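Read-outs throughout are calculated quantities, based only on the coordinates presented, and are distinct from any laboratory measurement. In this text, all values refer to a predicted model and were calculated from it rather than measured experimentally. Glycine also receives a Cβ, built like all others from the backbone with ideal geometry; neighbour counts cover every protein chain displayed.
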Amino acid sequence: MRNCLEVDSIMKSFGEKTVLTDIYLRCEPGEIIALFGWNGCGKSTLLHIIFGTLACERKFIRINGKVQNKPAYRSGLIAYLPQHDFLPGNLSVKKVAHLYLSQEDEHLFFDDPCLEYLRETKIRRRVTLSGDQANPMLPGNVHFIR
């Protein structure tokens, strides 16, 4: 089977407001998928659900044909980079790596000589941008301090 992410039957409500109802999405390598919609319509909510960092009323997620019963980020097959800060500033890089990486990947991460010195470094925020101004790929959004 080709690499494929398939999401079906996503349903999410916040209180009385239903944001997502029976969402279906399928993507394969090389495809470019765009999610369009007004602010608050559920684009980021859908991505958080797919990644596994937000619970919902109903979901069916398959990666490479295998049903994901635990958060998809734990599979190591999917990654998500949100536009807003998501790493607590009081944690060390070592602790964040432990939360998000498998034990094997954590060792590989810190075996890189360029990253070894970051192990006990704390994460902090320098600049917080909002909405369409935020771009976590730009320098200045997340900094490391010793």
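A few remarks follow.
- Normalised alpha carbon radius of gyration of the range 26-74 [divisor 2.2 N^0.38 Å]: 1.23
- Proximal charge balance of Phe109 [Cβ under 13 Å; K/R count +1, D/E count -1]: -3
- Local electrostatic count at Arg62 - Lys and Arg +1, Asp and Glu -1, tallied over other residues with Cβ under 11 Å: +1
- A straight chain from Asp111 to Ala34 at 0.36 nm per residue would run longer than the Cα-Cα distance by 24.1 nm.
- Other-chain or far-sequence residues with amide H under 5 Å of Tyr80's (modelled H): none
- Long pairs among Lys59/Lys122; Lys66/Lys122; Lys17/Lys94; Lys17/Lys95; Lys43/Lys122; Lys12/Lys122, criterion Cα-Cα beyond 32 Å: Lys59/Lys122; Lys66/Lys122; Lys17/Lys94; Lys17/Lys95; Lys12/Lys122
- Backbone amide hydrogens, once placed in the peptide plane, bring Leu91 within less than 5 Å of Ile123, excluding anything fewer than 5 places away on its chain.
- Amide H contacts of Arg58 (H built 1.01 Å from N, in plane; Pro and chain starts excluded): Met11 sit under 5 Å, all sequence-distant by 5 or more or on other chains.
- Stretch gain in nm, segment Glu16-Leu91, where the contour uses 0.36 nm per residue and the Cα spacing is subtracted: 23.5 nm
- Per-residue HN-Hα couplings for the range 43-60 [Karplus 6.51, -1.76, 1.60; θ = phi - 60°; Hz; x = Gly/Pro]: 4, 5, 4, 4, 5, 5, 5, 4, 5, x, 9, 9, 6, 8, 6, 8, 6, 9
- Label-to-label distance, nm, for residues given as Glu57 and Glu104 (7 Å Cα→Cβ offset): 3.9 nm
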